[in-house]
Amino acid sequence: MKSLIISTILLLSTFRISAQNCHPGTFRKLEILSRKELVTDSEFTKALALVKSLEKGNCVDYVKKRNGEEYVESGRTSLFGDVCLKNNSLTAVREYVNYMKRHNGSAEEEIGLSFEKLFAKHPEYVLSLVGYNKDLLNQLEWGFVNNNGFTSKNYRAVFFSINPEIKIVYPKYKKAIDYLLNEIGEEAKDWKTNKKGK
């Protein structure tokens, strides 16, 4: 029992130290960049340094105060995803994939949402980086399912209409694309089944 209490105290102390490292100013700078219509390459470099600083401090949520109450304004992942989308370069795509690999296994939903949007802009490059990494393909599937409206009958048509370049690169990335489409199809079946069961 004593060791459990000591472990809990140490865990809370570690959390407080991490929380103190989460300077709101770092999040604010990242938020300002994420709101721009276009993020230049030099601004992207600054944003990447901010993200790595937040990662080092284990800072995930941008916490603000209103009327003395704390609330989560946004998260590191969603802000970084917006910056990557607005920079719209292959460097940004590569850094986002690297970010995902550093946070492999994270339950954070935003990771897949931004990833799918980057995939829609640069499908071949994303596939070249991902290969047949099922963890990353599953994040892509999650993003597609949550970013796009579709049914169990039209999910393939929706997928190819959003990503027309896929038809061209399909022979080269057949294994990964087939896996992705299969996972989306399974999700579509589950949605249909759940609706019938209600």
Next item on the list: Return the sequence-ordered ³J(HN,Hα) values of region 147-157 in whole Hz as given by the Karplus equation 6.51 cos²θ - 1.76 cosθ + 1.60 applied to θ = phi - 60°, using x for Gly and Pro.
Entry: 8, 10, x, 7, 10, 5, 8, 10, 4, 5, 4
Margin query: Rounded, prolate or oblate, given the Cα gyration tensor of the chain, with a/c below 1.5 counting as rounded?
Written below: prolate
Next item on the list: Give the long-range amide H neighbours of Tyr62: residues separated by 5 or more places, or on another chain, with amide H under 5 Å away, using H modelled in the peptide plane at 1.01 Å from N.
Entry: Glu73, Ser74, Gly75, Arg76
Item checked: Choice from Glu108, Glu165, Glu70 with maximal GNM fluctuation in the chain (Cα, 10 Å cutoff) -> Glu70
Note to self: Pick from Leu113, Leu129, Leu85 the residue whose mean-square fluctuation is largest in a GNM of the chain, springs joining Cα atoms under 10 Å.
What the structure shows: Leu129
Check: Taking springs between alpha-carbon atoms closer than 10 angstrom, which of Ala188, Ala92, Ala107 fluctuates most in the Gaussian network model of the chain?
Finding: Ala107
Next item on the list: Can you tell me the relative contact order of region 121-198? Whole percent, Cα pairs under 8 Å, sequence separation 6 or more.
Entry: 44
Next item on the list: Note down the Stokes-Einstein diffusion coefficient of region 121-198 in µm²/s, whole number, using a Kirkwood radius over alpha carbon pairs, 10 °C, and 1.306 mPa s.
Entry: 123
Check: Between Ala157 and Asn98, what is the FRET efficiency for a Förster distance of 35 Å, r being their Cβ-Cβ separation, to the nearest 0.05?
Finding: 0.60
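Just so you know, all these numbers are worked out from the coordinates, no wet-lab data involved. Keep in mind it's a predicted model, so treat the numbers as computed, not measured. Counting neighbours? That spans all protein chains shown, and the Cβs are built from the backbone with ideal geometry, glycine included.
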